[in-house]
Amino acid sequence: MGRPPKITYRTLATVADKIQRNYTVTDACQHVNISRDSFYRYLNNEPEFTEMITKAYENQSKVPMSFLATY
């Protein structure tokens, strides 16, 4: 029995959410304390994560920018 994975589904979902909110990959990874190498390893080997990230990038422009109207 090996050690449990550091990267959980919740971690991957958080990374996808941050990318959708226009974080860079580096910033999103730092937010959840994983390396960029781990991000890309999961991106290349986990189809579900690949789909999450693809959707996150597709929806980036759909994130409301209403906060800009207050300034």
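Please treat every number below as a calculation from the coordinates, not as lab data. The structure presented is a predicted model; accordingly, all values stated were derived computationally and were not measured. Here Cβ is always computed from backbone atoms with ideal geometry, including for glycine, and neighbour counts include all displayed protein chains.
What to note about this one:
- When residues in segment 12-27 are screened for being without any contact (Cβ under 8 Å) to a residue 40 or more places away in the chain and out of contact with any Phe, Trp or Tyr (no Cβ under 8 Å at 6 or more places or on another chain), 8 of them pass.
- Only one of Arg10, Arg41 that is exposed (fewer than 15 other Cβ atoms within 10 Å of the Cβ), charged (D, E, K, R) and farther than 21 Å from Asn59 by Cβ: Arg41
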